[in-house]
Amino acid sequence: MSEAAASITRGLKLLAERIAALPDALAAEASRPLPSPATWPARPYAVTGAGGSEGPARIFSDRLARAGIPARFVPLSAFAASSPPVTPDHRLVIVSQGLSPNARLALAHRHRVAHCVVITAILPDHEGNERARLLAEATAEGHHVITHGPKREDELLVRILGPTLATLVAVRLSGALLGHPVEVAGLVAAVSRALSAAPGGELAPGAVCGLVVSGDAGARAHGLRWKILEALACGDPPVWDVLQFAHGPLQQYYEQPLTLITLEGNDDAHAELFGRLGQVVPAHHRLVRLKATLPEPLAWFEHDAMLNTLVMRQLERSPRDLVQWPGKGRDQALYAIEQPLEPRSLTTEAKKR
């Protein structure tokens, strides 16, 4: 077996193992205790994360905002400035599985806010590595670190377990903050069923792939979109509202190959809309319908599991190297930024000219 073929085989094996481990990982995560946010003073929230961690960060901020709590997602690039858009009254929530350098960029501003919460797989440890020591320092300063599994999920660009477990933390923590604890009974069984069920279709080779949602589900689709982006390398999937599809996307992609993946809930409120979507999609497009059985916010985990299966089967049909991905190692000029950048003076810039 050639080196390239061995790398492809290893990548697919790791992906399959991590997907298979998801139900047990969710069960373990659901049993972990969370801090009691009932004792936290009410504050506006600034929530951040990047890559696979942006999905759970957006879900957390969206759940709070829809309940009337001031909360917004702030891109990590905002923290590269010496004066980021946070105030001494803010609670800063950082989601980062491995506490990446860019996440540490946000954590460097913790002295600017009233309280910081870090959702990560890294355990605080004064005797540990740099990331563990930094979290231990933050904890000693009165900030909170909430850990989830797995401790390591390297080798592949796409991550399966960490973002999903961080989403469970985000859902449970937001529920506790809102005074409506999320009941997770039945979650593991539903995810297991979703993983074992045959997907409701296949992706069209070489086609644009788009996600179709209804209601306010668009804000919760980011992590699912990112999974397709990193695993399949078929572009960044757009997310369209089911009615919005008739107002431009249908016409734009009508003559092109297109796969539409619907993210449908367990109620009948929007079922007819997705049925009508099937009536307008032409025969040369593919429509893959992912139907959850659990109510929100748990329906997301079923969609995530079904999308895992869909991605895995697509890669089995059209393998690609998930270990030696394109551009590997070329990201350091951006990825390695972990301290705010000092603004360069106009004088310095003028001298360069």
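A short reminder: the numbers here are calculations on the coordinates, not readings from a lab. This structure is a prediction, so every number in the text was calculated from the model and none was measured. When we count neighbours, we look across all protein chains shown, and the Cβ atoms used for this are built from the backbone with ideal geometry, even at glycine.
Once the convex hull of the alpha carbons of the chain is built, what does its volume come to per residue, in cubic angstrom?
182
Most fluctuating residue of Arg133, Arg225, Arg320 in a GNM of the chain with Cα springs under 10 Å: which is it?
Arg133
Label Ala271 and Ala65 with points 7 Å out from Cα along Cα→Cβ: what is the distance between them in nm?
3.1
Compute the FRET efficiency between Leu34 and Ser83 as 1/(1 + (r/R0)^6), taking r as their Cβ-Cβ distance and R0 = 35 Å, and round to the nearest 0.05.
0.65
Over the chain, with a Gaussian network built from C-alpha contacts below 10 Å, which listed residue (Pro343, Pro37, Pro257) shows the highest mean-square fluctuation?
It is Pro343.
How many percent of the alpha carbon pairs in the range 32-177 exceed a separation of 28 Å?
Everything past 28 Å amounts to 10 percent.
What list do you get for Met312, Met1 if you sort them by fewest beta carbons within 10 Å?
Going from sparsest to densest Cβ surroundings: Met1, Met312.
Which whole-number percent gives the relative contact order of the range 214-295, counting Cα pairs below 8 Å spaced six or more residues apart?
Relative CO of the range 214-295 lands at 29 percent.
If you scale each eigenvalue of the Cα gyration tensor by 5 and take the root, what three semi-axes come out for the range 187-317, rounded to whole angstrom and sorted largest first?
Largest first, the range 187-317 gives 21, 18, 13 Å.
Please order Ser31, Ser318 by the number of other Cβ within 10 Å, starting at the fewest.
Starting with the residue having the fewest Cβ neighbours, the order is Ser31, Ser318.
Which part of the range 100-118 falls in the paramagnetic zone of Ala336, meaning amide N under 17 Å from the point 7 Å along Cα-to-beta-carbon?
Once the point is set 7 Å along Cα→Cβ of Ala336, 100-105 turn out to lie under 17 Å by backbone N, inside the range 100-118.
When only Cα pairs under 8 Å and 6 or more residues apart are kept, what is the percent relative contact order across the chain?
Normalised by residue count, the contact order of the chain is 21 percent.
Tell me the net charge near Asp236. Cut-off is 14 Å between Cβ atoms, Asp236 excluded, with +1 for each Lys or Arg and -1 for each Asp or Glu.
0
Which residue fluctuates most in the GNM of the chain (Cα springs below 10 Å): Ile94, Ile337, Ile160?
Looking only at Ile94, Ile337, Ile160, the biggest GNM fluctuation is shown by Ile337.
What aspartates and glutamates sit close enough to Lys328 to cross-link, taking a C-alpha to C-alpha distance under 19 Å and skipping anything fewer than 8 places away on the same chain?
Glu3, Glu153, Asp154, Glu155, Glu230, Asp236
Please report Asp154, Asp125 as a ranked list, fewest other C-beta atoms within 10 angstrom at the top and most at the bottom.
Starting with the residue having the fewest Cβ neighbours, the order is Asp154, Asp125.
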